[in-house]
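The values are calculated or read from the model by the stated rules, or taken from the named source; none is laboratory data. The shown structure was predicted, so the numbers you read here are calculated from the model rather than taken from an experiment. We place every Cβ from the backbone using ideal geometry, glycine too, and count neighbours over all the protein chains shown.
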Amino acid sequence: MPAKLPNHDADEASLDEVRAVYADLAKRPVQRDCIRRTECCQFKLTGVMPLVTKGEVALMVKALRAGGRTELPTPKIEGACPMLLANGKCLTYEARPFGCRTHFCEAAGGPYSRKEVIDLIRRLESVDTDLQGEGPHKLDVGLKRMLRELKEGRR
Ligand code: SF4
């Protein structure tokens with residue numbers, strides 16, 4: 001039987017909390033001007049990759065699977081995020097993780113300061129604990145791990 005994501009009501013409540021964190025972040029009066037230049041999605045170029053907690057990964061994987069995918073796409077640009085499509089769009093933009101929402105490139109106004117969003121980070125960490133995560137992982141590592149667990153029926 002195929003694995004399900006999330007696998008029980010508590011997980012679904014955790015995912016709702018991640019969505020609520022993203023919604024609360026969007027209400028913050030922090031001026032940024034992201035026009036999806038996509039440089040920040042090219043990790044080899046920037047030398048930086050977002051760190052993600054388990055709830056963030058779960059939302060992304062849910063979006064991927066809703067689109068019929070069970071594997072991580074092969075990056076279209078060498079060293080770029082696997083979610084970055086050839087047309088410059090993000091495959092899971094609505095479910096993109098917190099780091100993609102806050103670590104803006106310099107041209108867009110630079111990253112949020114930690115103190116501006118520390119309460120939201122704490123909430124994501126709390127969800128990670130609830131989901132028995134192991135703290136933040138690099139984006140590609142977190143995604144691969146969860147997809148593998150789903151394939152093996154461990155979730
Ligand atoms: S998840 Fe989307 S927004 Fe974030 S780095 Fe990947 S392509 Fe860019």
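Residue check: TYR93 meets all listed conditions (1) modelled with pLDDT of 90 or more; (2) more than 10 Å from the ligand (Cβ to nearest atom) but one, namely (2). Screening GLY67, GLY47, GLY88 for residues that are without any contact (Cβ under 8 Å) to a residue 12 or more places away in the chain and within 14 Å of the ligand (Cβ to nearest atom) leaves exactly one candidate, GLY47. Answer yes or no as to whether ALA10 is modelled with pLDDT under 80, within 25 Å of GLY135 (Cα to Cα) and among the small types (Gly, Ala, Ser). Taking the combined requirement at face value, the residue satisfies it. Taking the residues in region 118-152 that are more than 16 Å from the ligand (Cβ to nearest atom) and of a type in the set (A, V, I, L, M) as candidates, determine which candidate is nearest to ARG69 (Cα to Cα). By that ranking, first place goes to LEU150.
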